[in-house]
Amino acid sequence: MGEARVPAWFAATGLHGENERVYEAFQNFLHNLPLSYTDLAGAVGVSQPAVSRWAGDVTHPSLDEMVTAVNVVRTRLEEINRQTERFAEILRLIEEAMRLYDLETLGRSDVDPQQQRVTARLRTELGLGSTAEAEIRGGG
């Protein structure tokens, strides 16, 4: 492969000497995306093979394409962050419900064994220990 074409915007901005560093940073960006090349390509308005060629240092995107790609990923990361916060709140509510369930059922013989197994499994899956006994005994 020969030397990649230098886009006019690099020459115009005096960034020509930084080409390799900019493209290398963009390739690292592409290799660590929270979405597929197909999704990114659709949002940027190029083909999936074009994004693959950028990632493989076969061709280089224009400045507009890089800016659009970064903005698409920024938006995606903001959505992921919102979803993560929502998921954390759901987990907190589940933990609280399980704690209250433990407090309510501790020492009761009429509690459904199947429900106890489900609760125990959920605690194990979430990596939670039972705090109800400690709370009832004054330890929590």
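Here, each number is a calculation from the coordinates, and none is a lab measurement. What you see is a predicted model, and the numbers here were worked out from it, not measured in a lab. For neighbour counting, all protein chains shown are included, and Cβ atoms are generated from backbone atoms with ideal geometry for every residue, glycine included.
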Inset, instruction - Please give, to one decimal in nm, the separation of the simple spin-label points placed at Thr75 and Ser52, each 7 Å out from Cα toward the Cβ. - result: 2.5 nm
Legend entry - Separation of the Asp39 and Leu126 label points, Cα + 7 Å toward Cβ, nm: 2.7 nm
